[in-house]
Amino acid sequence: MNTGISFIVIGKNEGWKISKCLDSIYSCIEKNRISNYEIIYVDSQSNDDSIERVKKYKEVKIYSIINKTNAAIARNIGAKESLKDVLFFIDGDMEIIAETVGILYNNKYGLLNNFTSGDFENQYYSKNGKFINRRLHYNLQENIYETTTGGLFLITRKLWNHIGGMKCHFRISEDWDLGLRMAFQDNRLYRVKEVLAFHHTESYNSKDRFWADVLKGDFLYYKALLYRSHIHNKYMYRLLIREVTLFSLLGFVFLAIYLKNPYYLCLYFFIILVKTFYKKNKIDANMVSLYFRYIVFDLGTLLAFFFFWPKVFDKLEYERIN
């Protein structure tokens, strides 16, 4: 296996964002004088000009997924086709910052840590592409160890192969699953406080994004599979502590059934209302869509934990298109 770094970019319908992403990678290579590298782009059936934009960068190897698509599948394909001993996974709507990459990786010493990342700045846009605002995702004051990656992290090939890559049936939350499996084997992610990328995205809490997630059925995948798969993992319970509304729903459902009084469920909706008021100003979300988002995702998590069993698969179907 070649020493060096593989930049693995995944995307679907990224448009101008993929150009910014690739420009930032080349800038990073130049500023950090990275001598041994490759760039791979894995596309999840884009129907815009994303692939045509990537073709303008002659060195980039382009792969297109043929059948089922999700981020886990795309990253596994990128890793499978890569040749270097360090894998740098980047979502196609991210613009990496060369100075922070220089902290995490260099030609002489390789990776700062076998599994590492940094903070990133979310830059939110409306559905029609108008810039809205920006916000640090973690807003770290110091470097930390944690159990999730997001779509931006570096890992040694040896560690990636040891953990078996990503689980393809996780349509979302695949990064949480990877982080929890890694932590269970005492390989928690080392996240530096410096910003590693600008993330150009639609707000996670926008009304359009919420309804799109509902129609796609993503609310069934959101946390239920994660909790069920990691019921034995002590690191999962640190996540569960935050699930105040989910446990409230579970408790009030049992209370309503036991006392034969459905009005106890009103207490759950009141708690959701309080949470919505508390979160609204912190994340600049629409009040109504945020309120229903919490309810739908709590209900989806509770029902899916017991009744939703998606097919587990590892087959990768794709083709090289350049």
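The values are calculated or read from the model by the stated rules, or taken from the named source; none is laboratory data. Quick caveat: nothing in here was measured; it's all calculated off a predicted structure. Ideal geometry is used to build each Cβ from the backbone, glycine not excepted, and the neighbour counts take in all protein chains shown.
Taking G150, is it at positive phi and surrounded by fewer than 20 Cβ atoms within 10 Å (Cβ to Cβ)? Show your work before the answer.
On the way: at positive phi: yes; surrounded by fewer than 20 Cβ atoms within 10 Å (Cβ to Cβ): no.
No, not satisfied.
Working only within region 116-134, note down all residues that are more than 14 Å from G179 (Cβ to Cβ) and surrounded by 14 or more Cβ atoms within 10 Å (Cβ to Cβ). Before you say what the answer is, go through the steps one by one.
Applying the first criterion (more than 14 Å from G179 (Cβ to Cβ)) to region 116-134 yields 118-134.
Listed by number, the residues that qualify are G118, D119, F120, E121, N122, Q123, Y124, Y125.
If you filter region 206-232 down to residues that are part of a loop (DSSP other than H, G, I, E, B) and buried (at least 18 other Cβ atoms within 10 Å of the Cβ), you find that the one that is modelled with the lowest pLDDT is S206.
Kindly indicate whether any position in region 84-94 is of a type in the set (A, V, I, L, M) and more than 29 Å from Y222 (Cβ to Cβ).
The answer is yes; a qualifying residue exists.
When we screen F184, F198, F210, F219 for residues that are under 27 Å from L22 (Cβ atoms) and among the aromatic types (F, W, Y), the only hit is F198.
Are any of the residues in region 286-298 of a type in the set (K, R) and at pLDDT 90 or above? Steps first, please.
Kept after step one, since they are of a type in the set (K, R), are these residues of region 286-298: 293.
Pick out the ones that are also at pLDDT 90 or above and you get none.
Among the residues of region 286-298, not one is of a type in the set (K, R) and at pLDDT 90 or above, which makes the answer no.
Anything in region 68-124 that is charged (D, E, K, R) and either free of Cβ contacts under 8 Å to residues at least 60 places away in the same chain or farther than 20 Å from R171 by Cβ (or both)? List them, or say none. Break it down into steps so the answer makes sense when it comes.
Filtering region 68-124 for residues charged (D, E, K, R) gives 68, 75, 80-81, 84-85, 91, 93, 95, 99, 108, 119, 121.
Hits for region 68-124 are E81, K84, D85, E95, E99, K108, D119, E121.
So in region 198-210, with the set limited to residues that are touching a Ser or Thr at 6+ places or on another chain (Cβ under 8 Å) and not basic (K, R), which one is nearest to K12 (Cα to Cα)? Among them, the one singled out is E202. Taken together, the residues in region 125-162 that are in contact with a strand residue (DSSP E or B) (Cβ under 7 Å, 6 or more places away or on another chain) and either among the aliphatic types (A, V, I, L, M) or farther than 28 Å from S6 by Cα (or both) amount to 16. Residues being basic (K, R), assigned to a helix (DSSP H, G or I) and in contact (Cβ under 8 Å) with a residue 40 or more places away in the chain are entirely absent from region 2-14.
With the structure loaded, tell me whether L246 is within 18 Å of K207 (Cα to Cα), aliphatic (A, V, I, L, M) and buried (at least 17 other Cβ atoms within 10 Å of the Cβ) or whether it fails that test. In short, no.
Residues of region 145-188 that are among the β-branched types (V, I, T) and either within 13 Å of the chain's Cα centre (by Cα) or outside the structural domain of A98 (by TED's automatic domain parsing) (or both): T147, T148, T149, I172.
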